[in-house]
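Engineer: So that we are looking at the same thing, I have put the structure below in structure tokens.
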Amino acid sequence: MSFHPSLGQHSFVSLLSSSASPSFLHFTYHPSNLITGSEPQVWTSLPSSEWQAIPFALQPSASAEPEQEQTWLARIPLADAQPGRFEYTFRLLHADGSMEWLGSEGGNGVVELVIAPSSSATVEDCPFEFEQAIEVEQKGRSSTLAAFGLKGGRSDQVESFRLRTKAEAGWDKADGLVIERSERTWYLPRLLPSPSPLSHVSPIFDTLFLHLRRPPTSGHSAGIVVILAFSTSTVSSSLRGGDDALWLRCTRDSDEQGAKGYVAVAWGKEGELRKCTEEVVRIASEVLGGGEIGKPSKGQEETIQKLSACTWNALNYDHYTLSDVLPWLEGLKRPGASPSSSFSTDPSLSDSESHHQPHSSPLFASSLSTILLDDGWQDVVHFPDPVDPAKDRRGLRSFGVRPEWYDVNGSIVREGEERGRTSKTEEKDTRRDDSGYGSASMSASVSGSEDGVVMIVQPGEELKDAVERIKRKGIEKVGVWMTLEGYWDALAPTGPLADKYGPLELWTLRSATHSAADTHWYLPPISRLADYYHDYFSSLKRAGIDFVKVDDQAHQDYVLSRWTEGGGEGEGVKGEDAGELRREMLTAMRREADKIFGAGTTIHCMSGSPRTWGGELGLVEKEGMRSLIRNSDDYFPDTPSSHRFHLHVNALNTLLTRSLALVPDFDMCQERLTDSTALHPWGTFHISFRAFSPAPTYSTDVPAKEGLSSNEGWEAMLGWTKDGAAGLVKTNGEVGVVLEGRIFDDVLGEGQGEALKVGLPFRGAKGAHVGLWNVRVEGATARSWVDDKDVADAVTTLGLEKEEVVVYLDGEDVKQVSVDQLAQAQAAHRLLPSPLHPIKLEEKGHRIVTIAQLHSFPSANGRLEIACLGLLDKHTGLAALQSIKVVDLTAVSTSTVAATSPDAVLASSTPAPPSTSLASRTPSTFPRPPTHSRLAFLLTCLTSYRSSLSASTIPPAQAQLQPRSLRTELHSLGRDLLRRPLGTIWSETRAVVGFTLAIVLWSVGRLAVLGGRPRGRLGVGARFEERETAASVAPVKVEDGVREEQAGHALRVGLAFVSPRLGFYLPSLAASSIAVESLKIKLDGTRIPSHFVSSSKSSKGVVEVDVEGAWRAAGESRKGEGWVLEVSA
């Protein structure tokens, strides 16, 4: 069982002013076993110091019967409460009058009610004093920059400076959070208990970021403070604890005079953590020569992201070869049966064949566009450690591939043997020199070709041939893995690289806390590092590689000294050039990678270093681009205990990384076990969480066998786009982050308790998702509520102006919350907000809540209130919405508004202008070609009928678009054929056939009119003319699937993806005051037939629209970059 607040908990609650509406303390109870015949109670001295019993009330749930699970709620009014210290415990009152106490003596909980002073921040609110600082600059009303001067000295010298807290400021009662490097190359979050949180800061691990939360007291308002230690090119800075104080620890990376260490501090009210974090990041960025960090640039915040795949778990880690990669890709790109749709199976296979061959779902196969060749492809050799020969080391020999890795077609042509046809370009001498092959005694390999001609792959071109083979499988981009130092133990002491960049220098690495960091590296001289990275990346680029993943970046922090032969390890000056090496390795690698592959393309991994997160990479945008960075330790699919920590670390680290010049990457994951015998038990747990990261999403799955797909796995993260391809329905801008009011929840504990809650706003959709995951100790159940404070935290960045939002949980009744209520809840203590949805999660369980703005506009039956809930069958269905707003259609037709809208997002989703339906043409006007068919338009022009399309016959919407001409249509047809040859031929053929039929019908009708026969007996042709004539004088009821002019208002939604379940919530439908049939729903200007619209069976007032089915039934128009859907009544 679990209570909130729990027994033994000490809570400080600030009373509202007398002008505020009455508030309540909310106590919740989730019993382990069902309670029958007994009443749970809160036994408390609240709110007037007189002990009393407050009964819990059993809460109804639409998704669970009371006999299955129970959620109880008690409300204690605070309208007449006075400040004071109050206690509580819990008990059960049984039917026979006996009492069962659920607490223990001395274990009561405490609530202190206080009237705190105003919570507005002032300059005096800074909790730190900087006695040793040489400069303290007030950067704003609630932020400070402090600089500390280092004494003149050598590289690698360390100095520490004490940061004192103001004793009278009340921060000793705070609790806190640090992001510290407690792993060798990773930052991890850790909560600091109250009181005296600074005494719990680690004295041995580097802390980058510290957050304190102060409770309200009679002398102080509730408040927060954040402190960021950041690094420059000359000094690396971090925070450490010790002697009940906080210390700034500065390590020199240069012997330059005047070096300084820095900290930035910001403070504010509870609920302003993001604001304060962005402020300290801005201050640090300015010191480093950058500026304010904005949202990701257009190049990174793409409208549609595609799926990527990584070889690591799928292909036996670093033991794979090219002959493993190629059939793996064939299976991943082969579309089999979809668990959610019968669309797009491989046309070359029968249904039975597509099931039995390794395959993916159609969505997965269509979306997969990028491959990362992880560890295992490089030319690596073993050698003994130069200082301790008993230890085996592995170093990079050349820039080429491992000979065993390139195993296609198997045979080798030795030097001097007759060579056959070579690859397309040789440039042998230059490439060998630039690529580190030099005197490498490599021999050419025989490689087959698709036309049967034997190809000879020259030394150094194996990777190029491999990339070409991979891209012929339908892959657009190929990346490769490497480490900052080349391979795990840097370069091999002998070989092409040693010859080219030698003599190599030997460096010693040591760590006082992580023995795994202790090693020796052979590296090029510092003066040659830039050449080394330039040559390596250039050779990869020439081979067709599009990006790199650079691992082990934080390992360089442990460089101790350059080793000198003859005098024993560590001889020479300790730290000589160590700082310069650390600085140059990072800066040279980043500079050359950005120059050769493009800014923002490199994946920075194992980079938990003050020089990275707290240095230039994390604090300064390059060319307006953020850098991709791994946000946590690796994903370990076969380590059950790792999964819950993986999510928790990512959710808390993003409290900082969302504000840095970084795109947080949550690492790869998989839906199936690596042997493809079953679905992975933690598959959907991870996949649903990856939808909360804007970074590229990597699958490390193997192709599926029959029945091994899940609607809740990749299918729930992928959707169809208007070009007939597929993409990821996920965030590409904001990143999911633990809700601010939930940071200090005990979500990792034993037994029943709270779930991890992560918020993700979608500005275009004017809504947000709150994801809940059970990350408790193995086997434990998570029981929790989503309350209005959770909702407020999730939507705080959206700036909602409407009066209400709705909160939707699949299977539950929708709840409405006012924006005013959210504003009060965000500033309130956790015990005050109103619970909305009770949630129970078993082990590996997760649920995602949707929050959407409620729109209101006039309709024929009064005002219509409606909220769009996004795609209900996707994890983050709001990601499908590019835009949403109420539009006035009174004076302009639907299509005209769509075509001329100034809204930038809608402009990218403008539907094709409507061609007049067959039911509304007169025989006197030659049929206009379908606007989505270029071939029909060209045929019309060539047969001179185009002249009949005078300005008077062109619809207003079409007249306002750019005129179509032979030149523009020929150009567009050629482009479409190059991009989608089969799809273009199919769609054009259908359009031409339909256009031909229209011409035949026009001819029959025209002949009938010329013959003077009565119109009423002309059949189809006459009815066309009658319907258009009638439409010109009076409104006509139009059947489903036919375009119609519309007056009034509508909710317009721009869609980037479609699926069978687009959801809307209407309070009037929940109240049964309107029927589903009264809704008019149009897709790109065409009324959606009623059989594609249905009411939800599990949530009152929710309507589901099969937009995918309607689009396919209407002919799958590919015009435009997205769809426009309109709802009115």
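Engineer: Would you be able to tell me the number of residues in the range 1049-1084 that are closer than 21 Å to A1114 by Cα, of a type outside the set (D, E) and more than 25 Å from the chain's Cα centre (by Cα)?
Structural biologist: Result for the range 1049-1084: 6.
Engineer: Further question on the same structure: Can you work out which of the residues in the range 243-259 that are under 22 Å from V225 (Cβ atoms) and not hydrophobic (A, V, I, L, M, F, W, C) is surrounded by the fewest Cβ atoms within 10 Å (Cβ to Cβ)?
Structural biologist: Of the range 243-259, the ones under 22 Å from V225 (Cβ atoms) are 243-250.
Filter once more, keeping what is not hydrophobic (A, V, I, L, M, F, W, C): 243-244, 249.
Details: D243: 9, D244: 11, R249: 20.
Per the stated criteria, the residue is D243.
Engineer: Continuing with the same structure: Going residue by residue through the range 141-150, is there one that turns out to be within 24 Å of S285 (Cα to Cα) and free of Cβ contacts under 8 Å to residues at least 24 places away in the same chain?
Structural biologist: First, pick out the residues of the range 141-150 that are within 24 Å of S285 (Cα to Cα): 141-150.
Filter once more, so that each one left must be free of Cβ contacts under 8 Å to residues at least 24 places away in the same chain: 141.
Yes: the range 141-150 contains one or more residues that are within 24 Å of S285 (Cα to Cα) and free of Cβ contacts under 8 Å to residues at least 24 places away in the same chain.
Engineer: Sticking with this structure for a sec: For the range 108-130, which residues satisfy the criterion of being surrounded by fewer than 19 Cβ atoms within 10 Å (Cβ to Cβ), assigned to a loop (DSSP other than H, G, I, E, B) and either at pLDDT 90 or above or within 39 Å of the chain's Cα centre (by Cα) (or both)?
Structural biologist: Of everything in the range 108-130, those that are surrounded by fewer than 19 Cβ atoms within 10 Å (Cβ to Cβ), assigned to a loop (DSSP other than H, G, I, E, B) and either at pLDDT 90 or above or within 39 Å of the chain's Cα centre (by Cα) (or both) turn out to be N108, S118, S119, S120, T122.
Engineer: Name the pairs: first residue in the range 832-844 and farther than 30 Å from S641 by Cβ, second residue basic (K, R) and in a strand (DSSP E or B), Cβ to Cβ under 6 Å, at least 6 apart or on different chains?
Structural biologist: So the pair list comes out as L836/K815.
Engineer: Which number in (1) hydrophobic (A, V, I, L, M, F, W, C); (2) over 27 Å from the mean Cα position of the chain (by Cα); (3) at pLDDT 95 or above marks the one condition that L832 misses?
Structural biologist: Going through (1) hydrophobic (A, V, I, L, M, F, W, C); (2) over 27 Å from the mean Cα position of the chain (by Cα); (3) at pLDDT 95 or above one by one, L832 breaks only (3).
Engineer: Taking only the range 500-524 into account, find how many residues are among the aromatic types (F, W, Y) and closer than 17 Å to D156 by Cα.
Structural biologist: 1
Engineer: If we keep just the residues of the range 805-821 that are out of contact with any Lys or Arg (no Cβ under 8 Å at 6 or more places or on another chain) and without any contact (Cβ under 8 Å) to a residue 60 or more places away in the chain, which is surrounded by the fewest Cβ atoms within 10 Å (Cβ to Cβ)?
Structural biologist: Among those that are out of contact with any Lys or Arg (no Cβ under 8 Å at 6 or more places or on another chain) and without any contact (Cβ under 8 Å) to a residue 60 or more places away in the chain, it is D820.
Engineer: When residues of the range 165-192 are filtered for being among the charged types (D, E, K, R) and closer than 25 Å to R630 by Cβ, how many remain?
Structural biologist: Selection size over the range 165-192: 5.
Engineer: Then there is this: Considering only the range 281-304, state which residues are of a type outside the set (A, V, I, L, M, F, W, C) and either at pLDDT 95 or above or over 21 Å from D546 (Cβ atoms) (or both). Before the answer, list the steps.
Structural biologist: Of the range 281-304, the ones of a type outside the set (A, V, I, L, M, F, W, C) are 282, 285-286, 289-292, 294-303.
Listed by number, the residues that qualify are R282, S285, E286, G289, G290, G291, E292, G294, K295.
Engineer: Give the residues of the range 20-59 that are assigned to a strand (DSSP E or B) and over 19 Å from W101 (Cβ atoms), sorted by residue number.
Structural biologist: Within the range 20-59, F24, L25, H26, A57, L58 qualify.
Engineer: Taking interchain pairs and intrachain pairs at least six residues apart, which have beta carbon atoms under 9 angstrom, with the first residue in the range 1086-1110 and aromatic (F, W, Y) and the second in a loop (DSSP other than H, G, I, E, B)?
Structural biologist: Going by the 9 Å Cβ cut-off, the qualifying pairs are F1092/D1040; F1092/P1060; F1092/D1106.
Engineer: Out of the range 361-401, which residues are at pLDDT 95 or above and charged (D, E, K, R)?
Structural biologist: D374, D375, D379, D385, K391, D392, R393, R394, R397
Engineer: Sticking with this structure for a sec: Across the range 758-783, what is the number of residues that are among the charged types (D, E, K, R), over 17 Å from P694 (Cβ atoms) and not in a strand (DSSP E or B)?
Structural biologist: Residues flagged as among the charged types (D, E, K, R), over 17 Å from P694 (Cβ atoms) and not in a strand (DSSP E or B) within the range 758-783 amount to 3.
Engineer: Output the number of residues of the range 186-226 satisfying the condition of being touching a Lys or Arg at 6+ places or on another chain (Cβ under 6 Å), buried (at least 22 other Cβ atoms within 10 Å of the Cβ) and either among the small types (G, A, S) or at pLDDT 95 or above (or both).
Structural biologist: Number of matching residues: 3.
Engineer: Please work out which residue is farthest from the chain's Cα centre (by Cα), limiting yourself to the range 725-751 and to residues that are within 15 Å of L307 (Cα to Cα) and part of a loop (DSSP other than H, G, I, E, B).
Structural biologist: Among those that are within 15 Å of L307 (Cα to Cα) and part of a loop (DSSP other than H, G, I, E, B), it is A725.
Results for (1) among the small types (G, A, S); (2) out of contact with any strand residue (DSSP E or B) (no Cβ under 8 Å at 6 or more places or on another chain); (3) free of Cβ contacts under 8 Å to residues at least 60 places away in the same chain; (4) in the same structural domain as G1122 (by TED's automatic domain parsing), shown as yes or no for each residue.
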| site | (1), (2), (3), (4) |
| --- | --- |
| G713 | yes, no, yes, no |
| A716 | yes, yes, no, no |
| V729 | no, no, no, no |
| V747 | no, no, no, no |
| P761 | no, no, yes, no |
| G767 | yes, no, no, no |
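Engineer: Could I ask something else about it? Can you name the number of the only condition in (1) out of contact with any Ser or Thr (no Cβ under 7 Å at 6 or more places or on another chain); (2) modelled with pLDDT of 80 or more; (3) not in a loop (DSSP other than H, G, I, E, B) that D433 fails?
Structural biologist: If we test D433 against (1) out of contact with any Ser or Thr (no Cβ under 7 Å at 6 or more places or on another chain); (2) modelled with pLDDT of 80 or more; (3) not in a loop (DSSP other than H, G, I, E, B), just (2) comes out false.
Engineer: Ok, one more. Search the range 455-479 for residues that are farther than 27 Å from T697 by Cβ and pair each with any residue that is of a type in the set (D, E) when their beta-carbon atoms are under 7 Å apart and the residues are at least 6 apart or on different chains.
Structural biologist: Matching pairs, first to second residue: V457/D465; Q458/E426.
The values are calculated or read from the model by the stated rules, or taken from the named source; none is laboratory data. As the structure is a prediction and not an experimental result, all values here were calculated from the model. Ideal geometry is used to build each Cβ from the backbone, glycine not excepted, and the neighbour counts take in all protein chains shown.
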